[in-house]
Amino acid sequence: MPHPQSLLIVDDCREDRKIYRRYLTKDPRHSYTIAEAQSAELGLELYQHSPSDVVLLDFCLPDMSGLEFLDRLAEQSQQRPLPVIMLTGQGDEAIAVQAIKRGAQDYLVKGNLNRDSLQLAVRSVLRQSTLHHQLNQTLERQRLIAMTALQIRRSLELEEILRTATLQVQNLVGCDRVLVYQFAEDYSGTVVAESVASGWTSTLGLTIQDTYFQQYQGRVYCEGDECTIPSVANASLSPCYRNLLKQFEVQAHLVVPLLLNATEQEPSKLWGLLIAHQCSCDREWQPDEIDLFRQLSVQLAIAIQQAELLAQTKLALEKQKELNVFKSQIIATVSHEYRTPLTSILAAASTLKHYHDRLEAPKRDRFLQLIEQKARQMSSLVDDMLLVQELELDRSQFKPIPIDLLQFFADLLEEQQAIAGETHQIIYRISSNPKGFWGDRGLLRQIFNNLMSNAVKYSPHGGKIEFQLMSSDLQVYFSVKDQGIGIPLEERSHIFQSFSRASNVETLPGSGLGLAITKACVELHSGSITLESQEGQGTTFIVTLPLTSGR
Ligand code: ADP
């Protein structure tokens, strides 16, 4: 049986009041607490003191008419239509119409009134009132959600969005803590935003490895609108997560998924969770609170998606800008670096053309050699530029395999010694034999060849070049040390950027791309490269690579 409903009978006839009371107490579907008033003033007073769910109003009262009563009641109450059933005499239909116009919900003709018609009319008023109440609540909730959504979407910065959202949702739901939990690839996750009432410990930044969320791994995508992750209100959780809640004194919690909408390329994605905690007392979450929370999570998910799209667009723009800078640098380098060898080629070719018959064979060969050498130099510059662009723009270049580094470097050193000739002495020092290394052969060759050829090129008077290989449990290190011209201190910070050349290179040829390529290759191995140098004394480049970066 539902709660008893409150009913007020306003009628000066004692007999009639008794009849209505008798009829209504016999209603099998409702029970009523009934108050009676024999005058309009008393009725209004009672209603003001405690508004009834239904009022049975006699039209003819000694102190005022039923219509006047309705006007006074309308002033007193916000509710429309008024929960009033007007009781009129026979032939008073015109008055009844007036009553309905002034806000009454129904009327009954006293002469025709019986138990069933009264019960039916009262029930219908109650149903109408409930529907009105629900409608008002829904409208109010929609208004709150719209306002909150507006606040949340005011910013396009993810951090700001999450901060505003937790604060707004906490105010709206009225709980001790609201947090946003973001999933990582492996479904561990971190509390990335939080609004917490004073007196309760903050969970911001907390990372959780083993929670009940993991059980949803592999089922996180949604089919149609149906999500396989349910909202969880005070659900039973893994012991680990329960301990965590205990640690933060959580007595009741509510969890809803944050789902990013499907795009043409991808299905919906579980981005994270919106979570409410009640710490001060236990709390039974009401269905409309859960619904509100759910709707707010949808708004938040939309805002997150917008922020992510904006961030992606910004990134693409940045990339485009980089590409534009790169293109203009290419034009500058091409015009600068190509002019010198081209001038030599043109001069040699023109000499050969005009004086071919008069030149001796060795001289002709020298001109031809010069043309070939300069053409190769230009071709290698084009190769370098293409490689830098590929490495900077496309990470799929990295194809690691197991490599025996000792043998790998021994072979490369032999090649280098042949290129360096007599002027430089190449020394190979091995401090340990790294086992289980995974790397990309082509990229490692680039790293080694660039560092070694620079060491030779930038020590024009010859000298020792030391290559050293070391390793620890997790990393391998190798260094290339020369006794050459060194790099001025103030120029070291940007020496790894494309087209960057130090001021002391004088006429030594180069494009400023080798170190950029080297750095990109090292970073594809998740490694790092540093340098130590002293002007006029020499330079050492040190490369550190994780042992199994590619596995
Ligand atoms: P390039 O040698 O074609 O100019 P790199 O990118 O390989 O281009 O090197 C960039 C600059 O770094 C060089 O121009 C030079 O100024 C400096 N550099 C690189 N390696 C050495 C080295 N071993 N000794 C002295 N300077 C070096």
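The values are calculated or read from the model by the stated rules, or taken from the named source; none is laboratory data. In this text, all values refer to a predicted model and were calculated from it rather than measured experimentally. Every residue, glycine as well, gets a Cβ built from its backbone with ideal geometry; the counts of neighbours run over all protein chains shown.
Within region 422-461, which residues are assigned to a loop (DSSP other than H, G, I, E, B), out of contact with any helix residue (DSSP H, G or I) (no Cβ under 9 Å at 6 or more places or on another chain) and either on the phi > 0 side of the Ramachandran plot or of a type in the set (Val, Ile, Thr) (or both)? Within region 422-461, just GLY436 meets the criteria.
Being of a type in the set (A, V, I, L, M), near the ligand (Cβ under 10 Å from one of its atoms), surrounded by 12 or more Cβ atoms within 10 Å (Cβ to Cβ) and within 26 Å of SER380 (Cα to Cα) is a property that ILE447 lacks.
Please count how many residues of region 38-58 are among the hydrophobic types (A, V, I, L, M, F, W, C) and more than 19 Å from ALA96 (Cα to Cα). Show your work before the answer.
The initial filter retains those residues of region 38-58 that are among the hydrophobic types (A, V, I, L, M, F, W, C), namely 40, 42, 44, 46, 54-57.
Of the ones still in play, those that are also more than 19 Å from ALA96 (Cα to Cα) are 42, 44, 46.
Number of matching residues: 3.
Per the conditions (1) loosely packed, with under 15 Cβ neighbours inside 10 Å; (2) within 16 Å of the ligand (Cβ to nearest atom), the sole criterion not satisfied by ALA418 is (2). Scanning region 516-551 for residues that are near the ligand (Cβ under 10 Å from one of its atoms) and either under 17 Å from SER500 (Cβ atoms) or modelled with pLDDT under 95 (or both) yields ALA516, ILE517, THR518, LYS519, LEU531, SER533, GLU535, THR539, PHE541. Checking each residue in region 467-503 for being acidic (Asp, Glu) and either at pLDDT below 95 or under 26 Å from ALA332 (Cα atoms) (or both) picks out ASP473, GLU490, GLU491. Residues considered: GLU466, GLU491. Of these, the only one that is within 9 Å of the ligand (Cβ to nearest atom), among the charged types (D, E, K, R) and not in a loop (DSSP other than H, G, I, E, B) is GLU491.
Only one of these is surrounded by 15 or more Cβ atoms within 10 Å (Cβ to Cβ) and farther than 19 Å from ILE430 by Cα: VAL456, VAL543, VAL480. Name it. Among VAL456, VAL543, VAL480, only VAL456 is surrounded by 15 or more Cβ atoms within 10 Å (Cβ to Cβ) and farther than 19 Å from ILE430 by Cα.
From LEU412, LEU370, LEU405, LEU474, which residue is exposed (fewer than 12 other Cβ atoms within 10 Å of the Cβ) and away from the ligand (no atom under 16 Å from the Cβ)? Talk me through it step by step, then tell me what you get.
Working: LEU412 fails: exposed (fewer than 12 other Cβ atoms within 10 Å of the Cβ); LEU370 fails: exposed (fewer than 12 other Cβ atoms within 10 Å of the Cβ); LEU405 fails: exposed (fewer than 12 other Cβ atoms within 10 Å of the Cβ).
The conditions single out LEU474.
Being assigned to a helix (DSSP H, G or I), surrounded by fewer than 19 Cβ atoms within 10 Å (Cβ to Cβ), out of contact with any Pro (no Cβ under 9 Å at 6 or more places or on another chain) and not β-branched (Val, Ile, Thr) holds for only one residue in GLN90, GLN137, and it is GLN137. Of all the numbered requirements in (1) within 7 Å of the ligand (Cβ to nearest atom); (2) surrounded by 18 or more Cβ atoms within 10 Å (Cβ to Cβ), ARG501 misses one, and that requirement is (2). Looking only at region 347-355, decide whether some residue is farther than 30 Å from ARG441 by Cβ and basic (Lys, Arg). The answer is yes; a qualifying residue exists.
Of the residues making up region 178-193, those that are farther than 22 Å from GLN168 by Cβ and without any contact (Cβ under 8 Å) to a residue 60 or more places away in the chain are ALA184, GLU185, ASP186, TYR187, SER188. A search for C-beta distances below 8 Å between a residue of region 497-523 that is in a helix (DSSP H, G or I) and any residue that is near the ligand (Cβ under 6 Å from one of its atoms) and aliphatic (A, V, I, L, M), counting only pairs 6+ apart in sequence or on different chains, returns ASN504/ILE485; ASN504/ILE487; VAL505/ILE485; LEU515/ILE495.
Here's the yes/no breakdown for (1) in a strand (DSSP E or B); (2) modelled with pLDDT of 90 or more:
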residue	(1), (2)
GLN142	no, no
CYS175	no, yes
VAL180	yes, yes
VAL191	yes, yes
GLU194	yes, yes
GLY199	no, yes
LEU204	no, yes
ASP210	no, no
ALA235	no, no
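Residues being more than 18 Å from GLU532 (Cα to Cα) and within 13 Å of the ligand (Cβ to nearest atom) are entirely absent from region 430-437. Tell me whether region 463-477 contains one or more residues that are closer than 19 Å to THR518 by Cβ, under 39 Å from the mean Cα position of the chain (by Cα) and of a type in the set (A, V, I, L, M). Yes, region 463-477 has at least one match. If the condition is being closer than 13 Å to SER511 by Cβ and of a type in the set (D, E, K, R), then region 372-389 contributes ASP383, ASP384.
Going residue by residue through region 258-272, is there one that turns out to be without any contact (Cβ under 8 Å) to a residue 40 or more places away in the chain, surrounded by 12 or more Cβ atoms within 10 Å (Cβ to Cβ) and of a type in the set (A, V, I, L, M)? It would help to see each step written out before you state the result.
Of region 258-272, the ones without any contact (Cβ under 8 Å) to a residue 40 or more places away in the chain are 263-266.
Adding the requirement that they be surrounded by 12 or more Cβ atoms within 10 Å (Cβ to Cβ) leaves none.
No: zero hits.
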